[in-house]
Amino acid sequence: MFQLFIILAIIVAVLLVLVVLMQNSKGGGLSSQFGGGGAQQIIGVKKTGDLLEKTTWVFVIVLIVLSLASSMALKDGNKAQSNPNIDAAQQSLPTPVPAIADTTQTSIAPLPADTTK
């Protein structure tokens, strides 16, 4: 399910980029800085089509919804999915040695006093 949301989000993001690039700029932008603003006002249309503007907002909202849905799918699916790297690391851990109870009493004899003085 997570992969489906990611694939759909990538498709919507590409479509969003294409729709934004198809729109005419409303302000001068960079073209007016370099002297191209006057030609665009004469040749181009003054207003971006309402269809492209609404499509842009729809794609933005869909992209946000897909992002939130993929986040929810990742949280829910995280319990069922396992990472092979984590599984391999847990299997390679050394097994702990159980503590052995010391039942024998051992005492260390004190060193003999130095009598060579």
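The values are calculated or read from the model by the stated rules, or taken from the named source; none is laboratory data. Note that the structure is a prediction, hence the values are computed from the model and not measured. With ideal geometry, Cβ positions are generated from the backbone for all residues, glycine too; neighbour counts draw on all protein chains shown. In case anyone asks, the SASA skips ligands and DNA or RNA and just uses the protein heavy atoms, side chains included. Shrake-Rupley method; radii C 1.70, N 1.55, O 1.52, S 1.80 Å.
Of everything in the range 71-92 that is within 25 Å of Ile10 (Cα to Cα) and open to solvent by less than 60 Å² (accessible area, probe 1.4 Å), the residue that is modelled with the lowest pLDDT is Gly77. List every residue pair whose Cβ atoms lie under 8 Å apart, where the two residues are 6 or more positions apart in sequence or sit on different chains, the first residue falls within the range 45-56 and is closer than 17 Å to Val17 by Cα, and the second residue, located anywhere, is at pLDDT 55 or above and open to solvent by 100 Å² or more (accessible area, probe 1.4 Å). Qualifying pairs under 8 Å: Thr48/Lys26; Leu52/Met22.
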